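Laboratory data are not the source of any read-out in this text; all were calculated from the coordinates shown. Predicted model only: the values in this text are computed from it and were never measured. Cβ placement follows ideal geometry from the backbone for every residue including glycine, while neighbour counts extend to all protein chains displayed.
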Amino acid sequence: MNAQHVGLFGALGSYLHKFGNFTGRSSRSEYWWMIIWDVFFVLALGFVENLTHTNIEHDQLFATLTSGSILAILFEVIYIAYEFGNFSLTVRRFRDAGVNAYLSILTLLPLSHFLWYSELNFGYYANAAVSVVVVAVSFYMLYVALKPSKE
């Protein structure tokens, strides 16, 4: 089976078509083009947040959801939905790279660390240990994302 090469807009179309689909595969090019779209999405979301003067701190999820601001809650829901689609893309990329798709659950660790870090304080050494684990998992994610497709 040959790896499917897609372009910038082909990757976006495939992402939207397969949104939330945890079966199948995602090629390396599809994954990395979606990283480019991810940058566009984050910049656009940040622009709209600044334009509407909505102060959202994604690392303080509970504070945002309980703030009472409809726009802040809407932006968080959009962000979480987008991350759900990214996770399904990551699961498919792991499978395409020949890595057990269940290991993609590890990729949620950096996201959960980012979302809950300011909410939980376990002390300096525990937070440092968690940060080391998050960095290690992030490097593993990069390694898998760079692997060529397996047959």
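Please compute the modelled spin-label separation between Ala126 and Phe47, points set 7 Å along Cα→Cβ, answer in nm with one decimal. Going by the 7 Å Cα→Cβ label model, 4.2 nm.
Counted by Cβ distance under 14 Å from Tyr102, the other residues give a net charge of +3, where Lys and Arg count +1 and Asp and Glu count -1.
Taking label positions 7 Å along the Cα-Cβ direction at both Tyr102 and Tyr82, the computed distance is 3.2 nm, reported to one decimal. Please report the net charge: other residues with Cβ closer than 15 Å to the Cβ of Val6, K and R +1, D and E -1. Around Val6, the charge tally is +3.
Ordered by the number of other Cβ atoms lying within 10 Å of each residue's own Cβ, fewest first, Thr23, Thr52 fall into the sequence Thr23, Thr52.
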